[in-house]
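The values are calculated or read from the model by the stated rules, or taken from the named source; none is laboratory data. Since this is a predicted model, take the numbers as computed values, not measurements. In this analysis, Cβ positions are derived from the backbone assuming ideal geometry, glycine residues included, and neighbour counts consider all displayed protein chains. The accessibility values were calculated without ligands, DNA or RNA, using every heavy atom of the protein model including side chains. Shrake-Rupley method; radii C 1.70, N 1.55, O 1.52, S 1.80 Å.
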Amino acid sequence: MAASSNRSLWRVVTGHSALRDHALIERELRDSLTRLREGVAYYRPPCPASEKKIRDGGKLKGNKLTLVLEISSHLQLDQEQAPDLFEGFLINAHLGTLGELRERVRSEGGRREVVEEVASYYHSERLHLLRCLKHMLGFWQDPNHPFRDVYSVCIGEITKDEKSFIKSLWSQYQAAVDNDLPSQLSVSEETQWSVQRLVEQVELLEAILLYYKDFVHEGAELVCHAQQLWKNGCGLRQSCPVSLVDGAELLQRHIGHLCSLILVESLDLESILAHLEDPGCLEDHHLLKSDSSSEVEQLDNLFSKWGDQDCLTPVLLSWALLQFAKQQSHTDLEDVRLLGNRALSGGVFQYVRCLLGSPFFSRERPVGGACRSVLHALLALALSQFSDDSLGDRQDLVAIASLTLTHPPLRLQFWDQGLSVGVGLLVNSSLSHFPSSSSLTSLLLSLAGDQVSAGHVWQLLASLPRFTEKLPHREIGTQVKVVTADEGEAPMLKVIKPRSFYTSEARWLGLHGVVLGNGVCGEVWEGWEGEELVSWPLPHSVSGWDLLALEIVRLLQTCPLDSSTDVLVARVTGSIRLVTQLVKSDWSLAAELHHITSQAFSMVQRFAALPRPPTTLLASCVSCLAVMATNNTAETWLTLGQTGFLPYLSSSLPPSHDNLECLSVAPGNYGQLLKMAECPEGGYPVTMAMLDLLATTCLPGNSVVLREQLATVIYIMREVFLSCHKWKFKLRSGRRQLELGLLRFCHDTLQRHRDSPFSLGVVVATQLLSCPGEQGLLPLLSLPVSTLNSLHSAALGTSSVSPAVESVRLSLSILNLLLHAPPTQQSSLLEWNLANTYPHIVSNIASYIYHYGDSRIPIGATAVLTRLCQATPLSVFSCLGTDAVVKRDVFISRLSSRVEEEELKRGVLGLLTEAVSLQPALAELFLSVQSSSSQGQVWPPLSLISCFFSPLRLILHNSITHLVIVEV
């Protein structure tokens, strides 16, 4: 039997259900194959024959028939499919009792409200169906995915007729663009439908992009689809009114991104790049074959007519590169050059850089990986065919390369290809400007994301052959002289008196200085900004890493910091970030880079106390020390405490469990920096780095609580956790990110130290329990479940986790840890307050059972309710509010669900057990006892929705562990 809803199918496909066995998942996909193959075309438009059939069938009568026909008319859905949709809505999305529903559908206004609720469910079902298809298209070729074999079988069945399948996807996309909205919509409904159309276009185009990642886009079809996308204005031309819809501009821009990526992917630039050295093999390219000349001519004519819309510039540049590779042996390349220049003048690389920064491509998800692969091939081919100084602003090229190289397969590909082709040429060019430019550290930072690449990066700078400085005009004639070069060769400088670089800095570090002896020659050349540079051979006793360390010491010796040192500060910040990433990826490199990482202490001590501290640099230093503390926790904390940066205990009382509230903490330089620099600016990079440092206290083996750690935790909890809701934030997402970081720290600390008699977990628990409810966790747990569901749904479209959803999950987990801690006066007060002062919070927590996106949220909510049943003598039933019956129905529905995760089922069974033992009113609610007039009846009659029957079915089907069954 197929999954009852597309949302359930989505949970099965992504592995978030009780079905983990490959055979069971494969059966679900096989039963749902028609839906997956047809996509949203599975939902047919209404027709008279279907209406006659359901009217004459006799199964639907009265108000139900009227309601189903209204649903069909409003959604433009086939009348035979409308009853199934309505039934699915009742099972999966209706938040009310059947009695309430019957009353609502008696009136026209009530039916209208129900139809709107069904429409929202219908839109969700369409999107979940497309996301199931997209998920499998993204992972069916991934050898590391646990369900790859299952996906591969399903995709093989779906694409058995390739042309029919992809043609259907394109038709569905065009229908989402062209179809008019239903008539007689309110303003809010019109907005909902318009956003739905845009999101469907996004999902369909993302599925098409993932399809062409693995399948060839034939020439004739490419011509047709390129014309189709151009006609649609790459997302700008829409049949629905989107101009006043909030968020529509972002979605339209993303549609333009996807249109561009699909066309660039279809040109298969990776194949051209792989065969540049052997032009004869280019004839195997699907667009360069002799029988493809007609399609190539049509595409050439089409692209030459395209306007200056920015999303078209990558396509123009890609086509110019393809044509250039094809016609290199020809002299007539004027048209190709004009096309390429149009793309460059249109800001193609600025657009690509913006595209890669889009939230839709921000994570390592299939669509994000496909995007990086496509644009990496575009950049690599451009760099292989043309000089980097002819491609526009170098900073854009470096930024694009850095963003694409974060994709792990591209990093491995980079080292296989070397520095003589593609993006390697850009890295090689950046090496020639080292250390006077920060471009190299930016590129290497992206390349250092795994252990293998980190070793390559370290070796690259360890064996650096040359270094660069600006042309020393003042020393010409005294220490160096100009050597006349032959015609066509670069001029040279020759040392006539030994020159030393970084002399005082080398003495500080105990390193060999950079000394150039008499007769050493350096090449003079023009840099990226037009300045004259000299490239000198680097002595064997000095490595590129030594140069980075010397640059850091030069900054430490600079006083004061002002606008003239901004460039040096930026270079040092990049160096610290690079070293941090290297050590994080490969700890064995820590010893080799100790002379750099040790300078982080000096910079924190030197710069944190300045009136205008460089917060970005300090955040990088603290992040570096956080990585070092993962292996040397005590040593790092003690050394950092000696710099005066950390808060410290100013009272003479020895810290203990009983006097935590009495301990006074001095802010240290960090506290001053927080109040004087970060809060006024509205940015908190150092505080976020401090949370990373505090996370090292939760690592296994760190059982001893240092005074530095204790003082820092108390200060963070008192001055940051309780006050951050009042702070200024210059970015909208800044507040949520800081809250999320604080919650993660609290959660990890409580979980790590919950069994210790006196630990940092006790400190965190004490601070959380002693703060007023309106300043602690409770405001986070008052987020309505409807908002939570909306945020989660939006996050699925951007391939990211909503900070608000993650905050609720962590808050529930923290509340559980606090409620299950050893009983104290404060924890008992928390339980009492939840049941008495904040019963609406308990009701809202119970409503999280309606959330299906992340099962950890209803699991956490169920655990909180279970603990309240155990800990408070007051009635939990009274806290559930007027919709207690509805919540009961959802709890039982999820317990009975075939695909629900077992952990949630165990949680619900645990709640039922405690209710029967300690909460009679709650037990009666779940048992759904009916009144009986029969005399002498031993057992009262139970309704069909009683929770009594779900455990019986579980026992009969043996779908949970025997241990849980016996316990219940």
Exercise for the section: Provide the packing ranking of 402-410, 417-425, 659-667, i.e. peptides ordered by the mean count of other C-beta atoms within 10 Å per residue, highest first. Expected result: 402-410, 417-425, 659-667
Exercise for the section: Restricting things to alpha carbons, find the Rg to Rh ratio for the chain using the Kirkwood radius for Rh. Expected result: 1.01
Problem - Semi-axes of the equivalent ellipsoid for the stretch 182-256, Cα gyration tensor, largest first, Å - result: 28, 13, 11
Problem - Amide H partners (placed H, <5 Å) of F467, local residues excluded - result: W536, L538
Problem - Reach of K167 by Cα under 29 Å, taken over lysines that are not fewer than 8 positions away in the same chain - result: K134, K213, K231, K289, K305
Practice task
Using a 1.4 Å probe and counting only protein heavy atoms, arrange E719, E914 so the residue with the most accessible area comes first.
Solution key: E719, E914
Exercise for the section: Enter the angle in degrees (range 0 to 90, nearest 10) between the Cα long axis of helix 394-404 and the first principal axis of the Cα atoms of the chain, meaning the one along which they spread out most. Expected result: 40 degrees
Fill in the blank from the handout: Phi-derived 3J(HN,Hα) across the stretch 780-794 with the Karplus relation (6.51, -1.76, 1.60, θ = phi - 60°), rounded Hz, x for Gly and Pro, is 5, 8, 9, 5, x, 5, 5, 5, 4, 5, 5, 5, 5, 5, 5
Problem - Computed over the stretch 521-630: relative contact order in percent, which uses C-alpha pairs under 8 Å that are six or more apart - result: 24 percent
Fill in the blank from the handout: Taking Cα atoms only, helix 825-836 is inclined relative to the longest principal axis of the chain by an angle, in degrees rounded to 10, of 60 degrees
Practice task
Per DSSP H run of at least 4 residues, take -39500 (n - 2.57); add these up for the chain, divide by its residues and hand me the 222 nm value, nearest 500 deg cm²/dmol.
Solution key: -18000 deg cm²/dmol
Problem - Integer Hz, Karplus 6.51/-1.76/1.60 couplings in order for the stretch 895-900, x for Gly and Pro - result: 5, 8, 5, 6, 9, 5
Problem - Accessible-area value, K52, 1.4 Å probe, nucleic acids and ligands omitted, Å² - result: 130 Å²
Problem - Sequence of W545, W508, W528 from largest to smallest accessible area, 1.4 Å probe - result: W508, W528, W545
Fill in the blank from the handout: Mean separation of Cα contacts under 8 Å (at least 6 apart) over the residue count of the chain, i.e. the relative contact order in percent, is 7 percent
Problem - Relative packing of 337-348, 157-168, 899-910, which averages over residues the other C-beta atoms within 10 Å, highest first - result: 899-910, 337-348, 157-168
Handout entry: Area of D56 that stays accessible when all protein chains are in place (1.4 Å probe, Å², to 10)
Key = 100 Å²
Practice task
Evaluate the relative contact order of the stretch 190-337 (contact order divided by residue number), counting alpha-carbon pairs under 8 angstrom at least 6 apart; express in whole percent.
Solution key: 27 percent
Problem - For the stretch 135-142, Karplus couplings with θ = phi - 60° (6.51, -1.76, 1.60), whole Hz, Gly/Pro x - result: 4, 5, 4, x, 10, 5, 10, 7
Fill in the blank from the handout: Once all protein chains are kept in place, K305 shows an accessible area at probe 1.4 Å, nearest 10 Å², of 140 Å²
Problem - Residues listed by number, the stretch 245-276, amide nitrogen under 17 Å from F215 label point at 7 Å toward C-beta - result: 262-263, 265-268
Practice task
In whole angstrom, note down how far apart the Cα centers of the stretch 516-548 and the stretch 100-116 are.
Solution key: 79 Å
Fill in the blank from the handout: For the chain, longest principal axis from Cα atoms; helix 734-752 axis from its Cα atoms; angle between them, nearest 10 degrees, is 80 degrees
Fill in the blank from the handout: Sparse-neighbourhood loop hits (chymotrypsin sites (Phe, Trp or Tyr not before Pro), the stretch 186-286; DSSP loop; Cβ within 10 Å at most 14 others) -> F215
Problem - the stretch 290-358-the stretch 401-421 distance, computed between alpha-carbon centres (Å) - result: 24 Å
Problem - Ellipsoid equivalent to the stretch 411-542 - semi-axes via the Cα gyration tensor, in Å - result: 29, 20, 12
Exercise for the section: Please list D178, D546 in order of solvent-accessible area, largest first, computed with a 1.4 Å probe with all protein chains present. Expected result: D178, D546
Fill in the blank from the handout: Gyration tensor (Cα only) of the stretch 826-896 to equivalent ellipsoid, semi-axes in Å sorted down, yields 21, 13, 10
Fill in the blank from the handout: Taking a crude spin-label model, label points 7 Å out from Cα along the C-beta direction, the C47 to A609 distance in nm is 8.3 nm
Exercise for the section: Mind scanning K726/K887; K53/K160; K584/K675; K470/K494 and naming the pairs with a C-alpha gap bigger than 23 Å? Expected result: K726/K887; K53/K160; K584/K675
